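Engineer: If you scroll down you'll find the structure; I have some questions about it.
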Amino acid sequence: MGFYDTWVLPRFLNFMMGTKYTTEERKKCLAEVSGTVLEVGFGSGHNLPWYPASVQRVVAVDPSRESAKLAKKRIAEARFPVEYLPVGGEAISAPDHSFDSVVSTFTLCTIPDPIAALEQMRRVLKPGGKLFLVEHGLCEDPKLQRWQHRLNGLQNALFGGCNMNRDIRRLVGEAGFAFEQVDQYYMQGAPKFAGFLK
């Protein structure tokens, strides 16, 4: 990895993932998370302040050690134990059925093999456990889709492999999850081609 990916990108993402608009999406996503939690794509720990009192422990996985350094203060201030593991979502080594909740916020757009990561998330969930997910991806407007496909290579190069044209709902379904609730809308404060949330 070069200077940009190692030093610049983690700090830029730390800033962008902490905006008012992304924070509001995190709050909505995390409101009903409980028990022992696996967070996939931990980044710099922006979810930690918004977990409810029902959370007992968080195991955080993310391959970016530099982002984890930026999370140190948030980890220290968390009301529950946080264990950070420097691995990608496809390489979760936890036993089957070991988590009450799995959380992934603004991460599936970047994971190189999202189906493999989702299958790992499903494997480690306890029976009756839930996946809590917020992600941007392929929108439903054909005109905007064309722009998403055109700009995706640039997005991918500038933002650490982030894709704006992944069909997140299809990927989640293909990995074997059943949907309890799906909300789809454009995130406030983001351009429509980059801010369609599922």
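The values are calculated or read from the model by the stated rules, or taken from the named source; none is laboratory data. Predicted model, so just to flag it, every value in this text is computed and none were measured. A quick note on method: Cβ atoms are made from the backbone with ideal geometry, for glycine too, and the neighbour counts reach across all protein chains shown. Ligands, DNA and RNA are excluded from the accessible area calculation, which covers all protein heavy atoms including side chains. Shrake-Rupley method; radii C 1.70, N 1.55, O 1.52, S 1.80 Å.
Engineer: Of all residues in the range 165-191, which are over 28 Å from LYS20 (Cα atoms), open to solvent by less than 70 Å² (accessible area, probe 1.4 Å) and in a loop (DSSP other than H, G, I, E, B)?
Structural biologist: The answer is ALA175, GLY176, PHE177.
Engineer: Is it true that some residue in the range 5-18 is in a helix (DSSP H, G or I), open to solvent by 60 Å² or more (accessible area, probe 1.4 Å) and either closer than 15 Å to SER104 by Cα or basic (Lys, Arg) (or both)?
Structural biologist: yes
Engineer: State whether the residues of the range 87-99 include one that is in contact with a His (Cβ under 8 Å, 6 or more places away or on another chain) and on the phi > 0 side of the Ramachandran plot. First the steps, then the outcome.
Structural biologist: Restricting attention to the range 87-99, the residues satisfying the condition of being in contact with a His (Cβ under 8 Å, 6 or more places away or on another chain) are none.
Scanning the range 87-99, I find no residue that is in contact with a His (Cβ under 8 Å, 6 or more places away or on another chain) and on the phi > 0 side of the Ramachandran plot, so the answer is no.
Engineer: I've got another one for you. Looking at the range 121-143, I want the residues that are farther than 24 Å from MET16 by Cβ and have a partner that is outside any strand (DSSP E or B) and open to solvent by 60 Å² or more (accessible area, probe 1.4 Å) with Cβ atoms under 6 Å, at least 6 apart or on another chain. Which pairs are those?
Structural biologist: ARG123/ASP96; LYS126/HIS97
Engineer: Are any of the residues in the range 109-118 under 24 Å from ARG166 (Cβ atoms) and among the polar types (S, T, N, Q)?
Structural biologist: Pass one, the range 109-118, residues under 24 Å from ARG166 (Cβ atoms): 109-118.
Retained after the next criterion (residues that are among the polar types (S, T, N, Q)): 110.
Within the range 109-118, one or more residues are under 24 Å from ARG166 (Cβ atoms) and among the polar types (S, T, N, Q).
Engineer: Are any of the residues in the range 61-79 in contact with an Asp or Glu (Cβ under 7 Å, 6 or more places away or on another chain), more than 30 Å from ALA157 (Cα to Cα) and at pLDDT 95 or above?
Structural biologist: For the range 61-79, residues in contact with an Asp or Glu (Cβ under 7 Å, 6 or more places away or on another chain), more than 30 Å from ALA157 (Cα to Cα) and at pLDDT 95 or above: absent.
Engineer: Tell me, which residue of the range 19-42 that is touching a residue at least 40 places away in the same chain (Cβ under 8 Å) and in a loop (DSSP other than H, G, I, E, B) is surrounded by the most Cβ atoms within 10 Å (Cβ to Cβ)?
Structural biologist: PHE42
Engineer: Filter the range 120-143 down to the residues that are crowded, with 19+ Cβ neighbours inside 10 Å and under 17 Å from PHE196 (Cβ atoms), then identify the one that is farthest from the chain's Cα centre (by Cα).
Structural biologist: CYS139
Engineer: Out of everything in the range 76-119 that is part of a loop (DSSP other than H, G, I, E, B) and of a type in the set (Ser, Thr, Tyr), what residue ends up being most open to solvent (accessible area, probe 1.4 Å)? I'd like the intermediate steps shown before the answer.
Structural biologist: Going residue by residue through the range 76-119, those that are part of a loop (DSSP other than H, G, I, E, B) are 78-81, 86-88, 92-98, 106-113.
Checking which are of a type in the set (Ser, Thr, Tyr) leaves us with 93, 98, 107, 110.
Details: SER93: 107, SER98: 34, THR107: 15, THR110: 49 Å².
Applying the filter and picking the extreme gives SER93.
Engineer: Follow-up question, since we're still on this one. Give the number of residues within the range 144-162 that are over 18 Å from the mean Cα position of the chain (by Cα) and open to solvent by less than 40 Å² (accessible area, probe 1.4 Å).
Structural biologist: 3
Engineer: I've got another one for you. Output the residues belonging to the range 45-73 that are open to solvent by 10 Å² or more (accessible area, probe 1.4 Å) and assigned to a loop (DSSP other than H, G, I, E, B).
Structural biologist: HIS46, PRO52, ALA53, SER54, ASP62, PRO63, SER64
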